[in-house]
Amino acid sequence: MNTIQITVNHKHSTNSTPGKTIRDILYETIGRGNFMEYITVKNNVFSSLHERIDTSCNIGTFTHFYESSRRAYENASVAMLQYVVEKSLPGQKLYILHSMCDGIYC
């Protein structure tokens, strides 16, 4: 059976079978609760935890939310919300007014 080499956070190196998700590999390598479960980096590019890994790679995780990451996450959420409003409520407008605590007032 083929195996691939995966390095996690430049510290942990493991062999894995192709086809596992990033989440499964992280659970096996560093365990649950030791990383933020909604953002990861594969070979220096943001990736989904549901992405299947078929080749050797480097995976990075975050243990806390950086301000720049929060802004990127917020901007992506606003873009998705805008798309949903345009498709489900044609002719209606969504107004993004301002940030409020850890949310956005729309």
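Below are the figures for this structure:
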| item | result |
| --- | --- |
| Residue check, Gly33 part of a loop (DSSP other than H, G, I, E, B), at positive phi and modelled with pLDDT of 85 or more | no |
| Only one of Val78, Val85 that is touching a Leu at 6+ places or on another chain (Cβ under 8 Å), surrounded by 12 or more Cβ atoms within 10 Å (Cβ to Cβ) and hydrophobic (A, V, I, L, M, F, W, C) | Val85 |
| Hey, Thr14 among the hydroxyl-bearing types (Ser, Thr, Tyr), outside any loop (DSSP other than H, G, I, E, B) and touching a helix residue (DSSP H, G or I) at 6+ places or on another chain (Cβ under 6 Å) or not | yes |
| Flag if Ile25 is under 22 Å from Gln5 (Cβ atoms), assigned to a strand (DSSP E or B), modelled with pLDDT of 90 or more and of a type outside the set (Gly, Ala, Ser) | no |
| Residue in the stretch 80-95 that is of a type outside the set (A, V, I, L, M), part of a loop (DSSP other than H, G, I, E, B) and in contact (Cβ under 8 Å) with a residue 12 or more places away in the chain present | no |
| Residues that are modelled with pLDDT of 80 or more, surrounded by 11 or more Cβ atoms within 10 Å (Cβ to Cβ) and not aliphatic (A, V, I, L, M), drawn from the stretch 88-106 | Cys106 |
| Only listed residue being open to solvent by 80 Å² or more (accessible area, probe 1.4 Å) and of a type outside the set (A, V, I, L, M), chosen from Arg52, Arg70 | Arg52 |
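For (1) of a type outside the set (Asp, Glu); (2) out of contact with any His (no Cβ under 8 Å at 6 or more places or on another chain); (3) open to solvent by 90 Å² or more (accessible area, probe 1.4 Å), each residue gets a yes or a no:
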{"position": "Ile6", "(1), (2), (3)": "yes, yes, no"}
{"position": "Thr29", "(1), (2), (3)": "yes, no, no"}
{"position": "Asn43", "(1), (2), (3)": "yes, yes, no"}
{"position": "Phe46", "(1), (2), (3)": "yes, yes, yes"}
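The values are calculated or read from the model by the stated rules, or taken from the named source; none is laboratory data. All figures in this text were calculated on a predicted structure; none of them were measured in a lab. No Cβ is skipped: glycine too gets one built from the backbone with ideal geometry, and neighbour counts run over all protein chains shown. SASA here: full protein model, heavy atoms, side chains in, ligands and nucleic acids out. Shrake-Rupley method; radii C 1.70, N 1.55, O 1.52, S 1.80 Å.
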